[in-house]
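In what follows, a structure is listed as structure tokens, so that the remarks can point back to it.
The values are calculated or read from the model by the stated rules, or taken from the named source; none is laboratory data. What you are looking at is a predicted structure, and each value in this text was computed from that prediction instead of being measured. Note that we place each Cβ from the backbone using ideal geometry, even for glycine, and neighbour counts take in every protein chain shown.
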Amino acid sequence: MLMNAINDYKKDIELIIELFKKKIGNIHPLKAWRNGTLKQRDKLTNNIEIYFHGIGMSIFFLKEDIDFDFDFGHNDRYDGIDYYKLKDYIEQRLDRYPEYNNMDNLKKDFDNLIKNNVLLKFENKTDRLYYTANAPGVESPLLF
């Protein structure tokens, strides 16, 4: 089920955010990059390298052959879902999500979650990310 992959993706993002808080305190990661506290390409831990881009970042696990990418959303939210970033996340973990060996299934399931109002968008035109309807952040956003 796609919600399992979405929840895993969000948990991995949450883990990265917690590591940032341990490293730089409550400074938002994008602000830390833009003010020079962090470099565009930097190490979060000995095993995790980060690369900032635009409104998000790529995460590279140096001792494993996996990585993932996410964007920050409206009001610095970090719980948004972008279809293509989720697709990349799942493609690297097909052993966990074998039902998505056929990516047509992923697109169909993602579209169904939108159709059934499980994934929602803000009316804010600048935020292109989707958010889970039951996430605590939908009413009171998960802010950094």
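Restricting to the stretch 98-117, and then to whatever is under 15 Å from Asn4 (Cβ atoms) and among the charged types (D, E, K, R), can you tell me which residue is farthest from the chain's Cα centre (by Cα)? Explain how you work it out, then say what you get.
Restricting attention to the stretch 98-117, the residues satisfying the condition of being under 15 Å from Asn4 (Cβ atoms) are 98-100, 105-106, 109-110, 112-113.
Then drop every residue that is not among the charged types (D, E, K, R), which leaves 99, 109.
On the way: Glu99: 21, Asp109: 18 Å.
It comes out as Glu99.
Could you tell me which residue of the stretch 2-37 is surrounded by the fewest Cβ atoms within 10 Å (Cβ to Cβ), considering only residues that are of a type in the set (A, V, I, L, M) and touching a residue at least 40 places away in the same chain (Cβ under 8 Å)?
Only one residue tops the list, namely Met3.
Residue-by-condition table, conditions (1) among the hydroxyl-bearing types (Ser, Thr, Tyr); (2) farther than 21 Å from Asp12 by Cβ:
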{"site": "Asn35", "(1), (2)": "no, yes"}
{"site": "Thr45", "(1), (2)": "yes, no"}
{"site": "Ile59", "(1), (2)": "no, no"}
{"site": "Tyr78", "(1), (2)": "yes, no"}
{"site": "Ile81", "(1), (2)": "no, no"}
{"site": "Arg96", "(1), (2)": "no, no"}
{"site": "Glu123", "(1), (2)": "no, yes"}
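Go through the stretch 40-62 and give me each residue that's touching a Phe, Trp or Tyr at 6+ places or on another chain (Cβ under 9 Å), at pLDDT below 95 and not in a strand (DSSP E or B).
Leu44, Asn47, Ile55
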